[in-house]
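For reference, the structure is listed below as structure tokens.
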Amino acid sequence: MVKEKEIINLLTAKNLLGTKSLSITSSVIDTIDLIGAFELETHLIIENCIIQNLNIHSCWFMNGLILKNCIITNYIDYQMGGHNVEKIILEGNLFKEFFNFFDCHFDEVLEVRNNIFLKGSNLLANRNEGYDNTFNKGYSDFNNLGIINLDREIS
């Protein structure tokens, strides 16, 4: 399924049931609410969008996620995430608030490249704290602006 040049008020896991793949491009999205969407089966591609609220706590992108060239305006709390069979790619995005990665277990490669983290992230922090992120097949971190190894949000 493809959505292009749309204004989307709310996208939830319920909206994605039975959808193998969803591509959203050049759209304005008020809220993506995938909180608690354990084992999300949809391969989700979001490109060239403005996202006001990206809520992905406890979401497992089983078949991958591509988030590319987007502006995300809210604080993102990604706890207990990952568990992906396919790659998760974050590329060319502007994250205006802190991006919290907490106790995420990435089974496939996580690619983080050419992003701007205005208030940083703890993606590569929290080491040996019992809740650090794990990367079973590794990660790729290339040409990002902003600190992605903070132990906590900077006020």
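Structural remarks
- All conditions but one from (1) small (Gly, Ala, Ser); (2) over 19 Å from Leu124 (Cα atoms); (3) assigned to a loop (DSSP other than H, G, I, E, B) apply to Ser23; the one that does not is (3).
- Condition check for Ile51: crowded, with 16+ Cβ neighbours inside 10 Å, under 20 Å from Ile35 (Cβ atoms) and hydrophobic (A, V, I, L, M, F, W, C): yes
- The stretch 1-15, subset modelled with pLDDT of 95 or more and not in a strand (DSSP E or B), residue surrounded by the fewest Cβ atoms within 10 Å (Cβ to Cβ): Lys5
- Scope the stretch 107-136; condition at pLDDT 95 or above and part of a strand (DSSP E or B); matching residues: Leu110, Glu111, Val112, Arg113, Ile116, Phe117, Ser121
- Here Thr42, Thr73 are screened, and the one residue that is in contact with a helix residue (DSSP H, G or I) (Cβ under 6 Å, 6 or more places away or on another chain) and closer than 20 Å to Leu10 by Cα is Thr42.
- Each residue in the stretch 46-76 was checked for being in a strand (DSSP E or B) and within 12 Å of Ser27 (Cα to Cα), and 6 of them qualify.
- Unmet criterion (only one of (1) β-branched (Val, Ile, Thr); (2) part of a loop (DSSP other than H, G, I, E, B); (3) at pLDDT 95 or above) for Thr31: (2)
- Verdict on Met80 being among the aliphatic types (A, V, I, L, M) and on the phi > 0 side of the Ramachandran plot: yes
The values are calculated or read from the model by the stated rules, or taken from the named source; none is laboratory data. Note that the structure is a prediction, hence the values are computed from the model and not measured. In this analysis, Cβ positions are derived from the backbone assuming ideal geometry, glycine residues included, and neighbour counts consider all displayed protein chains.
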